[in-house]
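Here the structure is laid out as structure tokens; the discussion comes afterwards.
The values are calculated or read from the model by the stated rules, or taken from the named source; none is laboratory data. Please read these numbers as outputs of a predicted model, since none were measured by experiment. Using ideal geometry, Cβ is built from the backbone for each residue, glycine included, and neighbour counts are taken over all protein chains shown.
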Amino acid sequence: MFRKLAVLLLGLVPLASLADDSLVKFKGGIGVIPVSNVTVNADGSVTVSRNIVRGVNPPGQIWTIADLQADVKTDGGIKVRGRGLLLAGGNNVGFNANQSVFATLICEAAAPFVLHSTAPAGVPLAPNGDFRIDDVLNPPPPTPCASPVLLIRNLGGAWFAAGIVDLSD
């Protein structure tokens with residue numbers, strides 16, 4: 001009896017290792033600050049550098065995110081759970097601005113960048129800024145994803161939040 005149980009358990013070990021087909025995971029999020037740098041030039045003029053991430057523009061206002069968890073599978077499947085994606089400035093501070101969002105994974109550290117995105121119709125933010133994305137990236141991401149950046153974007157294409165790569169595995 002013990003021998004049969006041991007053989008059965010050993011047979012399940014390869015299945016357990018196949019179950020984790022994660023390409024990259026993200027734990028935590030960073031809200032966008034649309035301006036990355038302001039320089040006062042010698043002539044008194046001001047140069048403003050927008051916070052463009054791998055070719056993706058920011059929105060016009062600051063956004064915050066309370067939490068973000070994401071798991072991207074090797075086949076392009078992606079699950080994202082976000083909490084508290086809300087405006088962090090302006091007259092509508094603390095509101096979701098009736099936005100819908102989608103996810104984009106970028107694997108290249110330098111241009112040209114390939115945007116691997118969920119359906120651009122997106123999912124609506126709840127009044128408290130919570131959202132769930134359960135979709136497939138198009139086109140599928142490469143394996144490995146050498147320099148992963150996950151952006152949460154609005155329907156206009158601006159990025160509102162970025163995921164923090166989970167290096168704990």
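Can you tell me which residue within segment 81-112, out of those that are of a type outside the set (V, I, T) and within 13 Å of the chain's Cα centre (by Cα), is nearest to G31 (Cα to Cα)?
Among those that are of a type outside the set (V, I, T) and within 13 Å of the chain's Cα centre (by Cα), it is L85.
Return the residues of segment 155-164 that are touching a residue at least 60 places away in the same chain (Cβ under 8 Å) and either touching a strand residue (DSSP E or B) at 6+ places or on another chain (Cβ under 6 Å) or more than 26 Å from N96 (Cα to Cα) (or both); say none if nothing qualifies.
Across segment 155-164, the qualifying residues are W159, F160, A161, A162, G163, I164.
Would you confirm whether any residue within segment 22-32 is charged (D, E, K, R) and at pLDDT 95 or above?
yes
Grab the strands (runs of 3 or more DSSP E) fully contained in segment 38-94, keeping just those with 2 or more residues being of a type outside the set (A, V, I, L, M), more than 26 Å from P112 (Cα to Cα) and out of contact with any Asp or Glu (no Cβ under 7 Å at 6 or more places or on another chain).
Correct list: 67-73.
Any idea which residue in segment 110-120 is nearest to G55 (Cα to Cα), counting only those that are in contact with a strand residue (DSSP E or B) (Cβ under 9 Å, 6 or more places away or on another chain) and at pLDDT 95 or above?
Checking each candidate, the answer is F113.
Would you say G76 is over 19 Å from L23 (Cβ atoms), over 12 Å from the mean Cα position of the chain (by Cα) and either buried (at least 19 other Cβ atoms within 10 Å of the Cβ) or not hydrophobic (A, V, I, L, M, F, W, C) (or both)?
The answer is no for G76.
If you go through segment 92-105 one residue at a time, do you hit one that is surrounded by fewer than 18 Cβ atoms within 10 Å (Cβ to Cβ), under 13 Å from L151 (Cα atoms) and not basic (K, R)?
No; the residues of segment 92-105 include none that is surrounded by fewer than 18 Cβ atoms within 10 Å (Cβ to Cβ), under 13 Å from L151 (Cα atoms) and not basic (K, R).
Could you look through segment 23-55, keep only residues that are exposed (fewer than 11 other Cβ atoms within 10 Å of the Cβ) and either hydroxyl-bearing (S, T, Y) or within 26 Å of R81 (Cα to Cα) (or both), and pick out the one that is nearest to the chain's Cα centre (by Cα)?
S49
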